[in-house]
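The values are calculated or read from the model by the stated rules, or taken from the named source; none is laboratory data. Quantities reported herein were computed from a predicted structural model and do not represent experimental measurements. All Cβ positions, glycine included, derive from the backbone under ideal geometry; neighbour counts span all protein chains shown. Only protein heavy atoms, including side chains, enter the accessible area calculation; ligands, DNA and RNA are left aside. Shrake-Rupley method; radii C 1.70, N 1.55, O 1.52, S 1.80 Å.
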Amino acid sequence: MKNYSKAALLAATLLSASGLSAADGGVTVEHLGTNNTLVRVNGDSRYVIMPVQESNDDAKVNVLVDGKLERVMYVRLAKSKVDYTVPFDLTPYKGREVVFNIVTTQNRSSVREAKEDACWSNFALADTFDTANREKYRPLYHHTPLYGWMNDPNGMFYKDGVWHLYYQWNPYGSKWQNMTWGHSTSKDLVNWEHHGAAIEPDGLGAVFSGSCAIDKENSAGFGKDAVLAMYTSADVSQIQSLAHSGDNGATFTKYPGNPTLTLESEARDPNMFWNPETKLWTMVLAHALDHEMLVFTSPDMKEWTLQSAFGKGLGCQDGVWECPDLFRLPVEGTGEEKWMLICNINPGGPFGGSAAQYFIGDFDGKTFKPDTDADGKVPTKWLDYGKDNYASVSWSDAPEGRRAIIGWMSNWQYAAEVPTTQFRSANTLPRDVSLFRGADGQVYASTAPSPEVNALRGKPVVSAKGVSLGRKAKAYSLPKENDGVCEIELTLNPKEAKTVAMTLSNAEGNHVLMTYDPAAGTFSMDRRESGIVNFSQEFPAVTTAPVYGTGKELTLRIFIDRSSIEVFGNGGRFAMTNLVFPDAPYSSLSLASEGGQAKASLKIYPVLVK
């Protein structure tokens, strides 16, 4: 039996009688009932560290500062075990009284039982929060949040040599909740610096997706070259709000007249740009449940006029319409220009779940008119033929007339269940968009890796030309450093072969089979035995893309990261993005052909990161 001093026994008795329980130094826990607890913070530490258990329901955390409600957040506070921790930044409240009034949803028979939850003894204060990678599947060269959940890219713009990327972020857990604009910047589209939260929830609701642009005309009255942000405030309803930044997007001030646009039905994800021809702002807004996009104009970003609607009955109508983007590009090899309208949908993608469709047409400043095919119909076109490229939108104000885009590299079917915990989700590689006219006379979008991606290449570890392929596979080793992360450059001439197979594999028996069928003009990827696939019945899949080739020869750039494969064919005329979670890194690429000999040339580059 342990010996306790009388003072210790008395303290324990008093704590029990008062409903208090001990936590780490500087944190006092006071239980008010079976589902209500106060956590008081004492001290000058930078963070309150909160323990999370992902299988738990969200607890409602009301943050009181000097007795007034400062914010509300939702955290899956640990009940039986701690999966990981998340920080709450106390810096803005230094020297003030901070109390968390927490309401849990778990059923408890008594306060005594409620006290046993793992979270109460694991609240702590700290001056640092460890963001060192603890995940085997965290990408090496794709943008990810330092921690927490991420989905749609938001508000991207380019200014003064810096690419700004905002994104839907949950700072308090690795599942969807507490939608906030996280912020990262890059000078080269490859190496990213993290800056934390840029726009946070308020009394109008969570901060959903939107866009940014530079106000070069001072049309909104916040200053010449101010960065303007439009986003959806989402609570019971979805309404559109405005914010502005005078420090190049580091911080934003919300417009006191928010919301600037309200509708009687669900609408979200405003995407806006200044139209120099009309001298007005143009905004495309997703009328989500009506499967259409609404076009508004405004002289000052505050008063909006509805001009037109597009999309009812067109394209894929299976899911909600989200995350639009509208821009003009030249058509390669011609003197004409066309407008491209990106319309992300969920579900309804060609292989299930979320995906990005697009339309090509003309826009007069008020109305988008889509091109039709030979039968007079508006064809459905896909930006990516994998399962894991969603919410693709572009940077505004990019230099040299470029139209660079980036997507969320996941799928709503299983995004919350992928086998990571410290973070969830990455972005695709940045891609430059161009337009080309296909053999059928239609204009299509090409998305090739942005030129900055080339800087990732090291010296080739494999370089082979004119390799003859047959039924017996020829194998090439992938780089051993950085878990086999690499870029593969491959040219295939099928000659008389019916198919050419490319297989990524490892010693554990995991493999990804990619197949080129020249007669069908298709490229496919089979990830059904790629590694861990059982976290969702929707994850094992075969995806197929048209190659949009002008002959039988196929050129490919294949980018392998720790949990993804991105394929760009024929200079970006098709793209395919798929997540993979191999038990061990892929170590080999093998090539073979069926039905006759084929020829191949390839280079394998290790990926170098700063």
- [ ] Give a residue-ordered list of calculated ³J(HN,Hα) values for region 94-110 (Karplus: 6.51 cos²θ - 1.76 cosθ + 1.60, θ = phi - 60°; whole Hz; x for Gly, Pro).
- [x] 4, x, 10, 7, 10, 10, 9, 9, 10, 10, 9, 9, 5, 6, 10, 7, 7
Open item on the list: Can you show me the helix-derived [θ] at 222 nm for the chain, built from DSSP H runs with n ≥ 4 at -39,500 (n - 2.57) apiece and divided by the number of residues, rounded to the nearest 500.
Closed with: -1000 deg cm²/dmol
TODO: Quote the FRET efficiency, to the nearest 0.05, computed for Ala473 versus Val82 with a Förster distance R0 of 35 Å and r equal to the Cβ-Cβ distance.
DONE: 0.15
Task: Entries in Lys175/Lys312; Lys377/Lys495; Lys459/Lys480; Lys187/Lys465 that, when Cα-Cα distance is taken, lie over 24 Å - done: Lys175/Lys312; Lys377/Lys495; Lys187/Lys465
Task: GluC sites (Glu not before Pro) lying in DSSP loop within region 112-174, provided at most 16 other Cβ fall within 10 Å - done: Glu116, Glu135
Task: Amide H partners (placed H, <5 Å) of Ile532, local residues excluded - done: Phe581, Asp583
Open item on the list: If I fit a long axis through the Cα atoms of helix 6-18 and take the longest principal axis of the Cα atoms of the chain, what angle between them do I get, 0 to 90°, rounded to 10?
Closed with: 70
Open item on the list: What does the net charge come to around Trp163 if you take all other residues with beta carbon closer than 14 Å to its beta carbon, with K and R at +1 and D and E at -1?
Closed with: -2
Task: Rounded Å value of the spacing that divides the Cα centres of region 314-376 and region 543-571 - done: 22
TODO: Name the long-range amide H neighbours of Thr499: under 5 Å, sequence gap of 5 or more, or other chain; modelled H, no Pro or chain starts.
DONE: Glu594
Task: Phi-based couplings in Hz for region 62-76 (Karplus 6.51, -1.76, 1.60; Gly and Pro marked x) - done: 8, 8, 9, 10, 6, x, 10, 5, 8, 6, 10, 9, 10, 9, 7
Open item on the list: Quick check: the distance between the Cα centres of region 85-138 and region 274-296, to the nearest angstrom?
Closed with: 42
TODO: With a 1.4 Å probe and every protein chain left in place, tell me how much accessible area Trp408 has, in Å² to the nearest 10.
DONE: 0
Open item on the list: List the pairs from Lys254/Lys381; Lys254/Lys366; Lys60/Lys254; Lys338/Lys387 whose alpha-carbon separation is above 30 Å, in the order I gave them.
Closed with: Lys254/Lys381
- [ ] With θ set to phi - 60°, apply the Karplus curve 6.51 cos²θ - 1.76 cosθ + 1.60 along region 136-147 and write out the HN-Hα couplings as whole Hz, x wherever there is a Gly or Pro.
- [x] 5, 9, 5, x, 7, 10, 9, 5, 9, x, 4, 7
TODO: Over every pair of different alpha-carbon atoms in region 475-610, take the mean of 1/r and invert it; report that Kirkwood radius in Å.
DONE: 15.1
Open item on the list: Give the aspartates and glutamates whose C-alpha is closer than 20 Å to that of Lys224, dropping any in the same chain fewer than 8 places away, or say none.
Closed with: Asp160, Asp215, Asp247, Glu277, Asp300, Glu303, Asp397
